[in-house]
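Engineer: Just passing along the structure, written as structure tokens.
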Amino acid sequence: MSRLSLHTNETAPPASLPFLERSVANNGYLPNLIALLASAPEALEAYLTLGELNARAALSLAEREAVQLTAAGAHGCGFCAAGHGAVALKKAKLPLAVVVALQAGQATGEPRLDALAVFTREVIAARGAVSDESYRTFLDAGFDERGALDVVLGVSLATLCNFANNLGRPEINSELLPYRAGVLGR
């Protein structure tokens, strides 16, 4: 059971209603993260706006999802691991084995994604103060300065949703249950 309120169109603050409606239109259901964030319309707007900005980043969709899955694992957010597992499979078309590995914090066997995941974990652990060696490895994998900053952007987005989920403890929506870490691929 959620520690924080999960809002609907009937209970949400008026300023959150357009965001709830947009989320249902985009997803076909109301994700519990959005229902939770609706208590704070500015936090909800920030999450959705940051998500839109992240979608315009130079990293590919598959790479952005690798950042999100890596951050969800580092932050212990099962909700986001499931949600981004679904996106990684359905929209980014990442192979199942790659998504399972990213959820587990393991190597995928794809050098570029592995370098991205390692760099993302170090950005989180070092709060951005990554080692020169880690940064060089990231660059050697074919990324550039913009890509490094796009990782920071993705981590920022993940931090907002991961921490909100960890605080609120919403149940994972039934639509996302098959994509949970540890369940996916079994």
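Engineer: Restricting to region 32-46, count the residues that are crowded, with 19+ Cβ neighbours inside 10 Å and in contact (Cβ under 8 Å) with a residue 40 or more places away in the chain.
Structural biologist: Summing the residues that are crowded, with 19+ Cβ neighbours inside 10 Å and in contact (Cβ under 8 Å) with a residue 40 or more places away in the chain in region 32-46 gives 5.
Engineer: Can you tell me which of ARG146, ARG169, ARG121 is at pLDDT 95 or above, closer than 16 Å to THR70 by Cβ and of a type in the set (Lys, Arg)?
Structural biologist: Just one listed residue meets the conditions, ARG121.
Engineer: Could you list, in sequence order, all residues of region 8-19 that are touching a residue at least 24 places away in the same chain (Cβ under 8 Å) and either touching a Gly at 6+ places or on another chain (Cβ under 9 Å) or under 16 Å from ALA43 (Cβ atoms) (or both)?
Structural biologist: The answer is ALA12, PRO13, ALA15, SER16, PHE19.
Engineer: Any residue in region 144-164 that is in contact with a His (Cβ under 6 Å, 6 or more places away or on another chain), surrounded by 22 or more Cβ atoms within 10 Å (Cβ to Cβ) and touching a residue at least 24 places away in the same chain (Cβ under 8 Å)?
Structural biologist: yes
Engineer: What number of residues within region 79-103 satisfy the criterion of being crowded, with 22+ Cβ neighbours inside 10 Å and within 21 Å of SER156 (Cβ to Cβ)?
Structural biologist: 10
Engineer: So is ALA71 under 21 Å from SER174 (Cα atoms), crowded, with 20+ Cβ neighbours inside 10 Å and in contact with a helix residue (DSSP H, G or I) (Cβ under 9 Å, 6 or more places away or on another chain) or not?
Structural biologist: no
Engineer: Being crowded, with 21+ Cβ neighbours inside 10 Å and of a type in the set (A, V, I, L, M) is the filter here; which residues of region 104-123 pass it?
Structural biologist: Across region 104-123, the qualifying residues are LEU113, LEU116, ALA117, VAL123.
Engineer: Here is a follow-up. Do the conditions hold for ALA66, that is, is it closer than 21 Å to ALA82 by Cβ, more than 14 Å from the chain's Cα centre (by Cα) and either modelled with pLDDT under 95 or buried (at least 18 other Cβ atoms within 10 Å of the Cβ) (or both)?
Structural biologist: For ALA66, the condition - closer than 21 Å to ALA82 by Cβ, more than 14 Å from the chain's Cα centre (by Cα) and either modelled with pLDDT under 95 or buried (at least 18 other Cβ atoms within 10 Å of the Cβ) (or both) - is not met.
Engineer: Here's another thing I want to ask about it. Does any residue of region 39-54 turn out to be within 26 Å of ALA117 (Cβ to Cβ) and of a type in the set (D, E, K, R)? Break it down stepwise before answering.
Structural biologist: Of all residues in region 39-54, those within 26 Å of ALA117 (Cβ to Cβ) come to 46-54.
Next, from what is left, pick out any that are of a type in the set (D, E, K, R): 52.
So far as region 39-54 goes, yes, one or more of its residues are within 26 Å of ALA117 (Cβ to Cβ) and of a type in the set (D, E, K, R).
The values are calculated or read from the model by the stated rules, or taken from the named source; none is laboratory data. If you're wondering where the values come from, they're calculated on a predicted model, not measured in any experiment. Neighbour counts run over all protein chains shown; Cβ positions are idealised from the backbone, glycine included.
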